[in-house]
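One structure is given here, and the rest of the page talks about it.
The values are calculated or read from the model by the stated rules, or taken from the named source; none is laboratory data. Computed from a predicted model, the values in this text were never measured in an experiment. Here the Cβ is made from the backbone with ideal geometry for all residues, glycine too, and neighbour counts use every protein chain on show.
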Amino acid sequence: MGYGTISQVTSRDAAAHLRDLARLRSVRDRIDREYAQPLDVEALARGVHMSAGHLSRQFRLAYGESPYGYLMTRRIERAMALLRRGDLSVTEVCFAVGCSSLGTFSTRFTELVGMPPSTYRRQAASATAGMPSCVAKQVTRPVRNREARVAEPQLA
């Protein structure tokens, strides 16, 4: 069985890589659109005809975090906006962004933002008062791909 020339093999590999990137972008776009829906890696993978393991590996290579991590970051970003509004409780925000566990939501929120959602809700209202929402969103964006920085203790 002939495998073809190096340029033919490289061309096929490049085409497959581009198809995978397009499918990964499709998954990312779906997460951005449907973050409040119940999404799991298996369902996302089925939607682009990939195995869950392959999707997770390729997504991490392309975007630096797992599909689940990206989904949770999207949910926390939206939760931050809802908490800044101040008219919903933390529990209402948790469910509005698609989380089904208040504990998981609070833990992930604290990891990304550096404070619990209830504290953020109290502080954000005064910190972003008078600021246009588009600016507030940019200024308060959570840290991606790592936990929020904790202040280093100052040595005297």
Exercise. Is it the case that P38 is within 16 Å of the chain's Cα centre (by Cα), exposed (fewer than 12 other Cβ atoms within 10 Å of the Cβ) and more than 24 Å from C134 (Cα to Cα)?
Worked result: yes
Seminar exercise, completed: All conditions in (1) surrounded by 17 or more Cβ atoms within 10 Å (Cβ to Cβ); (2) assigned by TED's automatic domain parsing to the domain that holds C134 are true of T104 except (1)
Problem set entry | Matching option when the condition is within 24 Å of T110 (Cα to Cα), at pLDDT below 95 and either loosely packed, with under 12 Cβ neighbours inside 10 Å or assigned by TED's automatic domain parsing to the domain that holds G103 (or both), among R33, R78, R84, R19 | R84
Problem set entry | Tally, over region 40-51, of residues that are part of a loop (DSSP other than H, G, I, E, B) and closer than 18 Å to A22 by Cβ | 4
Exercise. Failed condition for H54, given (1) outside any helix (DSSP H, G or I); (2) free of Cβ contacts under 8 Å to residues at least 24 places away in the same chain, with all others met?
Worked result: (1)
Problem set entry | Residue match in region 91-99 (condition: crowded, with 20+ Cβ neighbours inside 10 Å, touching a Leu at 6+ places or on another chain (Cβ under 6 Å) and modelled with pLDDT of 95 or more) | yes
Exercise. E111 fails exactly one of the following numbered conditions: (1) surrounded by fewer than 14 Cβ atoms within 10 Å (Cβ to Cβ); (2) out of contact with any helix residue (DSSP H, G or I) (no Cβ under 7 Å at 6 or more places or on another chain); (3) not assigned by TED's automatic domain parsing to the domain that holds D32. What is the number of that condition?
Worked result: (1)
